[in-house]
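Sharing a structure, written as structure tokens. Questions coming.
Every number in this text was worked out from the coordinates using simple rules, so none of it is lab data. In this text, all values refer to a predicted model and were calculated from it rather than measured experimentally. All Cβ positions, even for glycine, are placed from backbone atoms using ideal geometry, and neighbour counts span all protein chains on display.
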Amino acid sequence: MASEILSRIRRPFRYSFKNATLSIIAINAVVYFLFNFTNLIPVGEDYFSINVVGFVFHQCFWQPLTYMFMHGNIQHLFFNMLGLLFFGMQVERALGSKEFVMMYLVVGVLSGLFSVGVYYALGAYMISQGMYPYTYLVSLVGASGAIYGILLAYAVIFPRSRIFVWFVIPVPAPILVIAYAVIEFVSQFTGGSNVAHQTHLAGFAFAFLYMLVRMGVNPIRVWRDVFRR
């Protein structure tokens, strides 16, 4: 029974390449433009970011999806989309567009749900009785969780690839992923910025599980075999 369920989970899509990475980048850019330079959307960003009050108390169940396409400022948008362009295109070519999009969305949604669970456990919210539907202490926007997941997938698919940090220092992709994971873990407890480090860590973790469960690939085993040679 378990093997039958697993075989269904791992049933592959028919390969096709549709430039989904560029489409996702375009959607993010359009959403940012609509919210920051037009009045075409009558509701505020609060409804599309993910936060405890909106998701838990007001049943805004679309937030785990929509928060991935919202960004706080142009720098946030630019660097997220730059990372998606660099790594997403290669991952999409390797996996096919359908698999890539499913991984991107699954990892992003689960990372958002994990983060809102953390915020709920920490009490990082408040309910407003004023003229607004709700207010919040912590709200999450951005595609970082999904993009960190794509970075891990890249390091698994191309474990011998070297990424040039600051365009100068060549670092093997698996080492870069491990280094980022350590930095994010430490920053979660020591950093004072508004960066959602737990979302980045969740992106790594859920991408790891996606590769393991959906694709039958153990990232640790792949990296261990590479460095043994």
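Whole percent per 5 Å bin, from 0 to the bin with the longest distance: what is P(r) over all C-alpha pairs of the chain?
It works out to 1, 7, 13, 17, 18, 17, 12, 8, 4, 2, 1, 0, 0, in whole percents.
For region 58-74, just list the computed ³J(HN,Hα) in residue order, Karplus coefficients 6.51, -1.76 and 1.60, θ = phi - 60°, integers in Hz, with x standing in for Gly and Pro.
Karplus-based 3J(HN,Hα) across region 58-74 equals 10, 6, 7, 6, 7, 4, x, 9, 6, 4, 5, 9, 9, 9, x, 7, 5 Hz.
Filter the chymotrypsin sites (Phe, Trp or Tyr not before Pro) in region 25-123 to those in DSSP coil with at most 11 other Cβ atoms within 10 Å of their Cβ, and list the result.
Loop-located and lightly packed - F61.
Give, rounded to the nearest 20 debye, the magnitude of the charge dipole that the chain has about its Cα centre when Lys and Arg contribute +1 at Cβ and Asp and Glu contribute -1 at Cβ.
That gives a dipole near 1060 debye.
Which ordering of R162, R214 is given by a fewest-first count of other beta-carbon atoms within 10 Å?
Ordered from fewest to most neighbouring Cβ atoms within 10 Å, R162, R214 come out as R162, R214.
Around F13, which amide H atoms from residues at least 5 apart in sequence, or from another chain, sit under 5 Å from its own amide H, with H modelled in the peptide plane?
Amide H neighbours of F13, under 5 Å, 5+ apart: none.
Which shape class, rounded, prolate or oblate, goes with region 1-89 when its Cα gyration tensor gives a ≥ b ≥ c as root eigenvalues, a/c under 1.5 marks rounded, and past that a/b bigger than b/c marks prolate?
Numbers: a/c = 2.71, a/b = 1.38, b/c = 1.97.
Taking the square roots of the gyration eigenvalues as a ≥ b ≥ c, region 1-89 is oblate.
Also, I was wondering about something else. Test of the criteria: in region 1-69, which trypsin sites (Lys or Arg not before Pro) are in a DSSP loop and have at most 15 other Cβ atoms within 10 angstrom of their Cβ?
Those that pass, being in a loop and sparsely packed, are R10, R14, K18.
Could I ask something else about it? Taking θ = phi - 60°, what integer Hz values does the Karplus form 6.51 cos²θ - 1.76 cosθ + 1.60 yield along region 98-112, in sequence order, with x for Gly and Pro?
With the stated coefficients, region 98-112 comes to 5, 5, 4, 5, 5, 4, 4, 6, 4, 5, x, 5, 5, 5, x Hz.
Let me ask something else about it. Picking from V30, V156, V101, which is most flexible by a Gaussian network model of the chain using Cα springs under 10 Å?
Maximum fluctuation in the GNM of the chain, among the listed residues, is at V30.
Given H placed on each backbone N at 1.01 Å, which residues far from R214 in sequence or on other chains put an amide H within less than 5 Å of it?
none
Which residue, G72, V109, L209, has the largest displacement toward the positive end of the dipole of region 16-228 when charges sit on each Cβ (Lys, Arg +1; Asp, Glu -1)?
L209
Which ³J(HN,Hα) values in Hz, rounded to whole numbers, follow from the phi angles of region 77-92 under the Karplus curve 6.51 cos²θ - 1.76 cosθ + 1.60, where θ = phi - 60° and Gly and Pro get x?
Per residue, the Karplus-derived 3J(HN,Hα) values read 4, 4, 6, 5, 6, 5, x, 5, 5, 4, 9, x, 4, 5, 5, 4 Hz.
Further question: Quick query: amide H of I163 versus all other amide H atoms, modeled in the peptide plane; which residues come in under 5 Å with a sequence gap of 5 or more or a different chain?
Placed amide hydrogens put V171, A173 under 5 Å from I163.
A further question follows. Compute a Gaussian network model of the chain, connecting alpha carbons closer than 10 Å, and tell me which residue from I150, I25, I169 fluctuates the most.
With Cα springs under 10 Å in the chain, the top fluctuation among I150, I25, I169 is at I169.
If each DSSP helix of 4+ residues adds -39,500 (n - 2.57) and the sum is divided by the residues in the chain, what number results at 222 nm, nearest 500 deg cm²/dmol?
-18500 deg cm²/dmol
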